[in-house]
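Notes for the one structure printed next.
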Amino acid sequence: MSVEEFQPRIIGFLCNWCSYAGADMAGTSRMTYPSNVRIIRLPCSGRVNPMIIFKAFQQGADGVMVSGCHPGDCHYVDGNYYARRRLAMLEPFLEYLGIEKGRFQLEWVSASEGKKWSQVVARFTDTVKSLGPRGKI
Amino acid sequence: MPRVGVFLCHCGTNIAGVVDIPTVAEAVKQFPGVVYVDDNKFSCSEPGQAAIRQSIIDNGLDRVVISACSPRMHEITFRKAVSAAGLNPYLMEIANIREHCSWVHSDNKEAATEKAIELVKMAVAKVSLHQELFRKRISMEKKALVIGGGIAGIQAALDIANAGHQVILVEREPTIGGRMAQLDKTFPTLDCSACILSPKMVDVSQHPNIRLLTYSEVEKVQGFVGNFEVEIRQRARYVNHTTCTGCGICWQKCPEKVPGEFEEGTGQRTSVYIPFPQAVPSKPVIDTVSCRYFKYLDFIDKKMEGKKPPPCRICEKLCPPQAIDWEQKDEIIRETVGAIVVATGFKTFDHSVYGEYGGGRIPDVITSLQLERLMNASGPTLGEVVRPSDGTHPKTVVFLSCVGSRDEAKGRPYCSKICCMYMAKQALMLKEHDPGVQSYIFYIDIRAGGKDFEEFTRRAQEEFGVLYLRGRVSKIYQDDKKLMVCGEDSLIGRPVEIAADMVVLATGVEPSEGAAKVAQTLNISYDTYGFMVEAHPKLRPVETNTDGILVAGACVGPRDIPDSVAHGGAAAAKVIGLLSQDTLTTEPLTAAIDASRCTGCLLCSQICPFQAIDMVPANGKSIAVVNEGLCKGCGLCVAACRSTAPSLKGYTDAQILSEVLALCP
């Protein structure tokens, strides 16, 4: 009997203006990527507070990704800078909680970077796959 | 318990070809709150929308999930459909199972179906927590700002002004006209570029509804559609344009000569100058970098060593109305406008990275725009095409296409669209200037898609004997007075070498200097090359993702004059549509602050990029209150608040968590 390959559960929090549109662009350009990621649309990466990410891990997500506009390009002037600082602070804390490095990722994908989005998802899915299942906290 | 209706769209085979819709429908029926599930071939079509409306009424639905394409595509369409059934349009959520599912997971139908089910599940969970939201009305400033005075910007400004609205046209250079003003003739009709452009430039300067600000740049933009507050820096010209008559004595007498930007370096201009004779306004500016008096002032200021430059000031002494004003300072102009058109245009690729073509060091290897200036009757040579090195008339001219286009190695994989046509035009015109000229064009493909374009390139070959060689050039080197052009004719499969008198590089199109900075100032998207990104490449080609900001012309991508004019007119039509309204409705997806939780720490008001949070006194303390007219719904305050007082309508913590919980129960 073959062992079924582990399919991680990945949640992506994407800003509406760049990354969500970039993911749309990947679709319009018919670029295929692993289907593990489930996208939650937010207005801005700066809307993400750490509580949401903790909750996702607590509920058993194997990987969480936040993706926003490139620094300097935020639709709301500087929301992604807040996201960058806030989530940089979060990373060591996640490790402290026992969530391995690599399960959380912050990315910048613009509205025209459909290809980058598909690559980012493929890479992140691989990383999380290699880390294995995590289970609820 | 809400009564949720789920509508699954097939999108023809776009979704149904990958996602198994009956399986999804079966699974969706089990989700809490779902009382009705239906599927439709095209939910966005009129029958599809009618079915949604009817089902809402017949089944008493109070929440709707539409499982279809991206909400960025049809959210507004479906909000209207829901609204038509008497339901608040914000009680609808879209599950994106096309762009984010069927189109990207066509290689695994099972996984795609499973993902579609979960995406719908998330939407059902979220929509259950939606609340009725209502749009508010705000005032509209009936004035438009156009950034860039090239042909696209000129067209947009004229069209808006002719419709009776005020327009501010901001141009960075001392004159409007843009690239088109530099051209000699236009393809394929061979119209004289200046002859068709100059009247439009004059119209701009004389139009009662247009305020022209040249030598100016937009520094800051705040606010939102209907009420953008802009700051424009009017750079000091050191010439008082109110008293200046444009007589021309100053620029005729100025002793300092520098290479002219307008002439692309083929000719010179003085330090006090107008870029070209038909410039609008036809009043000069002083270039502080080259001006002798400014060099003198700089020398004194910095207490430099060596020979003191002369404190020239000849222009001041000779100016009849005494319009030279050394004390002039940059001026900040503040305006409120309802809409903004971005038409920042393009520049040509800097070919110095092509070392094999001389990298700019061989004087007789020139760019197409330089040739354009040489051919122009008002250019530096008065229309004589001569070699920059020795002033002789070239008899053999070789054109190289795709210099900085279709070249992945140089970071420019895209086609610049206009080069094939302008090369044909220039080769044809060279023959008209001097029948003894033989032109060769090295090309990859001849891209002549456009009205009368193919006929034109044929004419260049058949009537004017231009020789087209398919292949790239590998090397150009100087051999005495000749330029040896080594390439390959890939159609006969043999290397060729041509001894040319002049080589013209068809340099590609790229966004003008500082385009990305303009985009950042306006918070609109731009791509990796710096071209502005449209809201939708097909259906919303002149709109951006920011309401009230439109794009026109070559700042979006390479395009020719008729396309730029059409684009400028299209952007103007959108602006006129906007400005014809007396008030605007605002998006209700804004933040709201729970007064009972607010501690008055001010963090949210500091973090808010739109100054949309005011502090108001309440019960002996200060609390934060959101100004819904200014709030754009980014949610930064929500994430920043330590006491969870703000929440963002449509994206509350509870709603986001409901999606997470739907995925990880």
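Read the figures in this text as sums done on the coordinates, not as results from a lab. As the structure is a computational prediction, the values presented were derived from the model and not from experiment. Positions of Cβ are backbone-derived with ideal geometry, glycine not excepted, and every protein chain shown enters the neighbour counts.
Assorted remarks:
- Stokes-Einstein diffusion for region B:227-315, with the hydrodynamic radius set to the Kirkwood value over Cα pairs and evaluated at 10 °C in a medium of 1.306 mPa s, equals 108 µm²/s.
- Dividing the summed -39500 (n - 2.57) terms of all DSSP H runs of n ≥ 4 by the residue count of chain A sets its mean residue ellipticity at 222 nm at -13000 deg cm²/dmol.
- Translational diffusion of chain B, µm² s⁻¹ [Kirkwood Rh, Cα pairs; Stokes-Einstein; 10 °C; 1.306 mPa s]: 55 µm²/s
- Shape summary of region B:587-649, radius of gyration then Dmax from alpha carbon positions: 10.4, 33 Å.
- Annotation: amide H-H contacts under 5 Å for residue B:365 (H modelled 1.01 Å from N, sequence separation of 5 or more, or interchain): B:503.
- Top of A:39, A:11, A:53 by mean-square fluctuation, Gaussian network on chain A, Cα under 10 Å: A:39
- Of all DSSP-defined beta bridges confined to chain B, some 55% are antiparallel rather than parallel.
- Nearest 10 degrees, 0 to 90: helix B:419-433 Cα axis against chain B principal axis: 20 degrees
- Overall Cα dimensions of region B:505-596 - principal axes, largest extent first, Å: 68, 30, 21
- Of the Cα atoms belonging to the protein assembly as shown, the radius of gyration and Dmax stand at 30.5, 98 Å.
- The stretch between residue B:529 and residue B:3, if pulled fully straight at 0.36 nm per residue, gains 184.6 nm over its current Cα-Cα span.
- Selected from B:27, B:341, B:228, residue furthest toward positive end of dipole (the protein assembly as shown; charges at beta carbon): B:228
- By average C-beta atoms within 10 angstrom, highest first, the peptides B:537-547, B:497-507: B:497-507, B:537-547
- Amide H contacts under 5 Å for residue B:468: B:441, restricted to partners 5 or more places along the chain or on a different chain, H placed in the peptide plane at 1.01 Å from N.
- Remark: region B:166-178, residue by residue, has Karplus-estimated 3J(HN,Hα) of 6, 10, 10, 10, 9, 10, 6, 7, x, 9, 7, x, x Hz, where x stands for each Gly or Pro and the curve is 6.51 cos²θ - 1.76 cosθ + 1.60 at θ = phi - 60°.
- Over chain B: helical MRE at 222 nm, DSSP H runs n ≥ 4 each giving -39500 (n - 2.57), nearest 500: -8000 deg cm²/dmol
- Positive contributions from Lys and Arg (+1) and negative ones from Asp and Glu (-1), summed over other residues with Cβ under 15 Å from the Cβ of residue A:115, come out at -3.
- Normalised by 2.2 N^0.38 Å, where N is the number of residues, the C-alpha radius of gyration of region B:349-510 stands at 0.96.
- Of all beta bridges that DSSP places with both ends in the protein assembly as shown, some 45 percent have antiparallel geometry.
- Rounded, prolate or oblate (a/c below 1.5 giving rounded, otherwise prolate when a/b exceeds b/c) for region A:1-57 by Cα gyration tensor: oblate
- Whole-Å semi-axes of the ellipsoid equivalent to chain A (Cα gyration tensor, √5λ, descending): 24, 20, 10
- Relative to the longest principal axis of the Cα atoms of chain B, the long axis of helix B:453-462 lies at roughly 30 degrees.
- Against chain B, whose longest principal axis comes from its Cα atoms, helix B:193-206 is set at around 60 degrees.
- Positive dipole terminus of the protein assembly as shown, leading residue within B:5, B:486, B:571 (C-beta point charges): B:5
- Reachable lysines from residue B:317, criterion Cα separation under 24 angstrom, eight or more residues apart if same chain: B:253, B:257, B:283, B:295, B:307, B:308, B:329
- Based on the Stokes-Einstein relation at 20 °C and a viscosity of 1.002 mPa s, and on the Kirkwood radius from alpha carbon pairs, region B:4-128 is assigned a translational diffusion coefficient of 155 µm²/s.
- FRET efficiency estimate (nearest 0.05) - Cβ-Cβ, residue B:520 to residue B:589, R0 25 angstrom: 0.55
- ³J(HN,Hα), Karplus 6.51/-1.76/1.60, whole Hz, each residue of region B:362-376, x for Gly, Pro: 8, x, 8, 9, 10, 8, 4, 6, 5, 4, 4, 5, 5, 7, 7
- Label-to-label distance for residue B:356 and residue B:76 is 4.7 nm, based on points extended 7 Å past Cα in the beta-carbon direction.
- Cut-off under 5 Å, modelled amide H: who pairs with residue B:143 long-range: B:338, B:339
- Rounded to the nearest whole Hz, the Karplus-based 3J(HN,Hα) values (6.51 cos²θ - 1.76 cosθ + 1.60, θ = phi - 60°) of region B:278-289 follow the sequence 8, 4, 10, x, 8, 10, x, 10, 9, 7, 5, 6, with x at glycine and proline.
- Modelled spin-label separation between residue B:134 and residue B:603, with each label point placed 7 Å from Cα along the Cα-to-Cβ direction: 3.3 nm.
- When the C-alpha to C-alpha distance is required to be over 24 Å, the pairs from A:55/B:29; A:115/B:451; B:80/B:136 that qualify are A:55/B:29; A:115/B:451.
- Each Lys or Arg adds one and each Asp or Glu subtracts one; over the other residues with Cβ under 10 Å from the Cβ of residue B:91, this totals -1.
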